[in-house]
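**Q** Sharing a structure with you now.
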Amino acid sequence: MRMMMADSGSNEEVAVIGNTDITPAESENNIINTVVPLVALCDRNILRFKLPMVERGTALLRKMEISVAEAEKRMGKNTVNIQETYTVYLVETRPAETVPEGGTPAAPDTLWRRYSEFELLRTYLLVTYPYIIIPPLPEKRAEFVWHKLSADNLDPDFVERRRVGLENFLLRVASHAVLSKDKIFFLFLTEEKGWREAVLETGFQDKADSRLKSLSAMFRVKNPDKRFTALKQYSDELNTVISQLLRVRARVADRLYGVYKVHGNYGRVFSEWSAIEKEMGDGLQSAGHHMDTYATSIDDILEEEEHYADQLKEYLFYTDAVRSVCRKHELIQYELEIAAQDLAYKKQQKEELVTGTVRVFSLKGMTSKLFGQESQEQRESRLAALEQSIQEGEESLKEKNRECQEFVRTAWEDIERFKEQKDKDLREALISYAIMQISMCKKGVQVWSNAKECFNKM
């Protein structure tokens, strides 16, 4: 069941869960007037859901529709000349224009991308926009799986969920006020050949901070910003909570699968019983069919659940993107402190040179005592060099201060945006999951009610 977003100038489609077992009043109470932002896709009679939809307020999304339409397995040789099977994804773009009634929409522009190309794009965005919480990619290999779910990254169901996740990634980037204007991102969507070369020509790899450098800054920074420290701690805790939630969900799915499948035994027993009864036979046979239907319904239910789990996984991976921003701030703060220390040391050297007083032990001071004082000309030359160095140090410190302040300002703007997005998405995902559980329970009640009617007719 589809409905249109009641938003000025918006033609976004969203879906509510089409469940005839939940009354309108119950649905309103459960949703609390929240529209569930999930697009239902029918494939092999299984409801497949997209991840939370994004705002279409950027200029790019007003001009262009973006989708990852399908996935395809291919064979080819990798970098070490070994034959391998891999998956490519069809990226489609088309003008976002209103199609007249009865008209034909414009044919989309299409190109194929591998998962590794999505990874390269995201790495480029991470380095180029360190103050932005870059949307995460879907998992490369299945995590938090229950025993009937394949962990094979070429499994069709997993590839389909990853296709949905990759599309969501592109829409997240395209909906961001800054990222959507990036030239490399636009080329990723529109140019199949030459895109990788264009990325590498930006030199972003040379700007990437080494892990060792970031780790050093984390332990050696003296005056960390309390807001970023608190955000980093929250990100760690959110990661832990969502991980635990996904593990619990996987365990529940395992047990639920067993409970549903064992109901198939009711169907078998009722069918065998019906064979030895005359008047009761039809009722028992019908009840057995209801039990068989109930037992097989769990496959579709748990397939649907995986899409809600993917929504949680997106924010599990988002926590690393948040930590990345915090680490970058630590590095900038550390460089600022180093510049301040260096300037203070140079000023101390100048004072010692002018006054002739050495505050602390130094090799220079010991050399002067052993071999005599330097000449006036040497002192003046060294003093001039120090003054020049101090002037450069002051300019460098001012620049580092400006850089740090600008980073804090822009990063915190994006953090506030992310917080609002996170609260909205997770709230809607949890509400949707609860509605699905209510629907599942009602269907179980309906199956036994149908069985009861069969028994009444015997």
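The values are calculated or read from the model by the stated rules, or taken from the named source; none is laboratory data. Remember, predicted model here, so these are calculated numbers, not experimental data. Heads up, the Cβs are rebuilt from the backbone with ideal geometry, glycines too, and the neighbour counts pull from every protein chain shown. These area figures cover heavy atoms from the full protein model, side chains too; ligands, DNA and RNA do not enter into them. Shrake-Rupley method; radii C 1.70, N 1.55, O 1.52, S 1.80 Å.
**Q** Quick one: in the stretch 342-364, which of the residues that are more than 53 Å from the chain's Cα centre (by Cα) and of a type in the set (Ser, Thr, Tyr) is modelled with the lowest pLDDT?
**A** Among residues in the stretch 342-364 that are more than 53 Å from the chain's Cα centre (by Cα) and of a type in the set (Ser, Thr, Tyr), the one modelled with the lowest pLDDT is Thr357.
**Q** In the stretch 266-283, how many are open to solvent by 40 Å² or more (accessible area, probe 1.4 Å), touching a residue at least 24 places away in the same chain (Cβ under 8 Å) and either part of a helix (DSSP H, G or I) or not assigned by TED's automatic domain parsing to the domain that holds Lys328 (or both)?
**A** 2
**Q** Where residues in the stretch 231-274 are of a type in the set (S, T, N, Q) and either out of contact with any Lys or Arg (no Cβ under 7 Å at 6 or more places or on another chain) or modelled with pLDDT under 90 (or both), which of them is farthest from Glu413 (Cα to Cα)?
**A** For the stretch 231-274, the residue satisfying everything is Ser274.
**Q** Select, from Ile438, Ile415, the only residue that is hydrophobic (A, V, I, L, M, F, W, C), in contact (Cβ under 8 Å) with a residue 60 or more places away in the chain and open to solvent by 40 Å² or more (accessible area, probe 1.4 Å).
**A** The match here is Ile438.
**Q** A further question on this structure: Say we look at the stretch 178-191 and pick out the residues that are touching a residue at least 40 places away in the same chain (Cβ under 8 Å) and exposed (fewer than 15 other Cβ atoms within 10 Å of the Cβ); which of these is farthest from Glu117 (Cα to Cα)?
**A** So the residue we want is Lys181.
**Q** Quick check on the stretch 297-305. Is at least one of its residues of a type in the set (Val, Ile, Thr) and open to solvent by 70 Å² or more (accessible area, probe 1.4 Å)?
**A** no
**Q** Let me ask you something else. Output the number of residues of the stretch 381-405 satisfying the condition of being in contact (Cβ under 8 Å) with a residue 40 or more places away in the chain and more than 30 Å from Leu353 (Cβ to Cβ).
**A** Residues flagged as in contact (Cβ under 8 Å) with a residue 40 or more places away in the chain and more than 30 Å from Leu353 (Cβ to Cβ) within the stretch 381-405 amount to 2.
**Q** Does the stretch 222-244 hold any residues that are over 30 Å from Tyr334 (Cα atoms) and surrounded by 15 or more Cβ atoms within 10 Å (Cβ to Cβ), and which are they?
**A** Ile242, Ser243
**Q** Anything in the stretch 105-129 that is under 27 Å from Lys207 (Cβ atoms), of a type in the set (Gly, Ala, Ser) and either at pLDDT below 85 or touching a Lys or Arg at 6+ places or on another chain (Cβ under 8 Å) (or both)? List them, or say none.
**A** Result: no residue meets the conditions.
**Q** Take the conditions modelled with pLDDT under 90 and outside the structural domain of Glu303 (by TED's automatic domain parsing) and apply them to Gly102. Does it pass?
**A** When the stated conditions are applied, Gly102 passes them.
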